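Enquirer: Pasting in a structure now, in structure tokens, and then I'll have a few things to ask.
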Amino acid sequence: MASMGRFTVGSHVWVEDADVAWIDGLVEEVHGDELIINCTSGKKVTANVSSVYPKDVEVKRSGVEDMTRLAYLHEPGVLRNLKSRYGMNEIYTYTGNILIAVNPFQRLPHLYNDHMMEMYKGAEFGELSPHPFAMADRAYRLMMNYGISQAILVSGESGAGKTESTKMLMQYLAFMGGKVESGGRSVQQQVLESNPVLEAFGNAKTVRNNNSR
Ligand SMILES: Nc1ncnc2c1ncn2[C@@H]1O[C@H](COP(=O)(O)OP(=O)(O)OP(=O)(O)O)[C@@H](O)[C@H]1O
């Protein structure tokens, strides 16, 4: 929560906006807990300090791969970072050991091919770009090295990309563990083929996804 006295004339800030969620600007006047902000969009707004957050002006235009490195881990800071990365087709971003995926709404096959799986295999977590394969690799290694069951929680609203992300995780796990042939088909093939069957058990159409479950 923003507090009084945190902003002075000339502070770089984010202010809540009904149309675009957050806009940035400079504090022009301070009147108690009311601020007059000159926004970069040209708009001038009066806002209460409770809806204003400090803006980090040092952050790179391309954003950061791990948001724990942001000076401010508040909503406008996080959204700005995800938006900058999304603009460069970087749909994955870490916050520590959590992976955030932003739905690209387009096929990005180069991200999920065998070459990519080979690259993530055994790579140090955080060494390569954020990716579901890195999450799966970590879980797989922890399971193998310490013999402890692992769980990966995939959450998000309808249409966010949970099913797609789960498929990537399964694809990688099958790649790592599915070398043994059984009945002519590899374990990898069988695991991946089970997905449509699982989908068929609870498929419904939602406002945001016509293939929801
Ligand atoms: N990584 C991705 N690459 C390409 N397309 C994607 C990706 N993630 C999501 N999509 C697209 O978004 C659509 C919805 O994603 P998905 O079915 O995974 O959502 P969900 O979170 O499982 O939704 P629900 O909770 O409604 O089942 C997909 O059918 C696909 O077109």
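Enquirer: Report every pair of residues separated by at least 6 positions or lying on different chains whose Cβ atoms are under 6 Å apart, first residue within the range 196-213 and near the ligand (Cβ under 8 Å from one of its atoms), second at pLDDT 70 or above and not in a strand (DSSP E or B).
Expert: These pairs meet every condition: Thr206/Ser158; Arg208/Ser158; Arg208/Gly159; Asn209/Ser158; Asn209/Gly159; Ser212/Ser158; Arg213/Glu199.
Enquirer: May I pose another question? Do you know which of the residues in the range 84-107 that are within 12 Å of Met135 (Cβ to Cβ) and near the ligand (Cβ under 9 Å from one of its atoms) is surrounded by the fewest Cβ atoms within 10 Å (Cβ to Cβ)?
Expert: Here the residue is Ala101.
Enquirer: Criterion first (modelled with pLDDT under 95, among the aromatic types (Phe, Trp, Tyr) and within 16 Å of the ligand (Cβ to nearest atom)) does Phe133 satisfy it? Before the answer, list the steps.
Expert: Numbers: modelled with pLDDT under 95: no; among the aromatic types (Phe, Trp, Tyr): yes; within 16 Å of the ligand (Cβ to nearest atom): yes.
Criteria not met by Phe133.
Enquirer: Taking the range 130-167 as the search range and keeping residues that are buried (at least 16 other Cβ atoms within 10 Å of the Cβ) and of a type in the set (Gly, Ala, Ser), which one is farthest from Val64 (Cα to Cα)?
Expert: Looking at the filtered set, the residue picked out is Gly159.
Enquirer: Where residues in the range 146-166 are near the ligand (Cβ under 6 Å from one of its atoms) and part of a helix (DSSP H, G or I), which of them is nearest to Pro104 (Cα to Cα)?
Expert: Of all residues in the range 146-166, those near the ligand (Cβ under 6 Å from one of its atoms) come to 156, 158-164.
Checking the rest, the ones that are also part of a helix (DSSP H, G or I) come to 162-164.
Values: Lys162: 13, Thr163: 14, Glu164: 11 Å.
Looking at residues that are near the ligand (Cβ under 6 Å from one of its atoms) and part of a helix (DSSP H, G or I), I get Glu164.
Enquirer: Within the range 99-129, which residues are without any contact (Cβ under 8 Å) to a residue 12 or more places away in the chain, assigned to a loop (DSSP other than H, G, I, E, B) and under 24 Å from Glu157 (Cα atoms)?
Expert: If the condition is that a residue be without any contact (Cβ under 8 Å) to a residue 12 or more places away in the chain, assigned to a loop (DSSP other than H, G, I, E, B) and under 24 Å from Glu157 (Cα atoms), then Phe105, Gln106, Arg107 are the ones that fit.
Enquirer: Right, here's the next one. Is it the case that some residue within the range 115-124 is buried (at least 18 other Cβ atoms within 10 Å of the Cβ) and among the basic types (Lys, Arg)? Outline the logic, then answer.
Expert: Taking the range 115-124 first, the residues buried (at least 18 other Cβ atoms within 10 Å of the Cβ) are 116-117, 120.
Filter again for among the basic types (Lys, Arg), leaving none.
The answer is no; no qualifying residue exists.
Enquirer: So, Arg80, is that one over 19 Å from Ser155 (Cα atoms), within 16 Å of the ligand (Cβ to nearest atom), not small (Gly, Ala, Ser) and not assigned by TED's automatic domain parsing to the domain that holds Leu142 or not?
Expert: Working: over 19 Å from Ser155 (Cα atoms): yes; within 16 Å of the ligand (Cβ to nearest atom): no; not small (Gly, Ala, Ser): yes; not assigned by TED's automatic domain parsing to the domain that holds Leu142: yes.
Considered against the rule, which asks whether it is over 19 Å from Ser155 (Cα atoms), within 16 Å of the ligand (Cβ to nearest atom), not small (Gly, Ala, Ser) and not assigned by TED's automatic domain parsing to the domain that holds Leu142, Arg80 comes out as no.
The values are calculated or read from the model by the stated rules, or taken from the named source; none is laboratory data. Nothing here was measured: the structure is a model prediction, and the numbers come from that model. All Cβ positions, even for glycine, are placed from backbone atoms using ideal geometry, and neighbour counts span all protein chains on display.
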